[in-house]
Amino acid sequence: MHKAALLTPLLAAACSTAPAGPPVHGESPGRACRSDGLAAFAGRAATSETGAEILRVSNATLLRWVPHGMMVTMEYRADRVTVWLNAANRIDRVTCG
């Protein structure tokens, strides 16, 4: 019973929500990805030139390539653009976040 009394505050703290902290390292507050025009990249080859163009069109500061079948984290970043590739290493879709 004594151990349960010691663990109760720890368990309660683990369930609490913390206020939003500062931006993630590298995140640019005020600079958000725009999705307008990103569908036009579908089918194109995954090259550094295409990546640079996607960054320019989207206004994002961070580019994330996702190879076919790769799992990714689902946290949202307003300044990131994600490029999903198919098995042929061509762009399947481009999304903000």
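What to note about this one:
- Selection of the range 31-72 for residues being polar (S, T, N, Q), in a helix (DSSP H, G or I) and closer than 15 Å to C96 by Cβ yields only S58.
- In the range 75-90, the residues that are out of contact with any Gly (no Cβ under 9 Å at 6 or more places or on another chain) and surrounded by fewer than 13 Cβ atoms within 10 Å (Cβ to Cβ): A88, N89
- Taking every residue in the range 40-53 that is of a type in the set (S, T, N, Q) and pairing it with any residue that is at pLDDT 95 or above, at least 6 positions away or on another chain, the pairs with Cβ-Cβ distances below 7 Å are T50/F41; T50/R44.
- Filtered residue count, the range 67-97, keeping only those that are modelled with pLDDT of 95 or more, closer than 20 Å to A32 by Cα and touching a strand residue (DSSP E or B) at 6+ places or on another chain (Cβ under 7 Å): 11
The values are calculated or read from the model by the stated rules, or taken from the named source; none is laboratory data. Being a predicted model, the structure only gives us computed values, none of them experimental. Cβ: placed from backbone, ideal geometry, glycine included. Neighbour counts: every protein chain shown.
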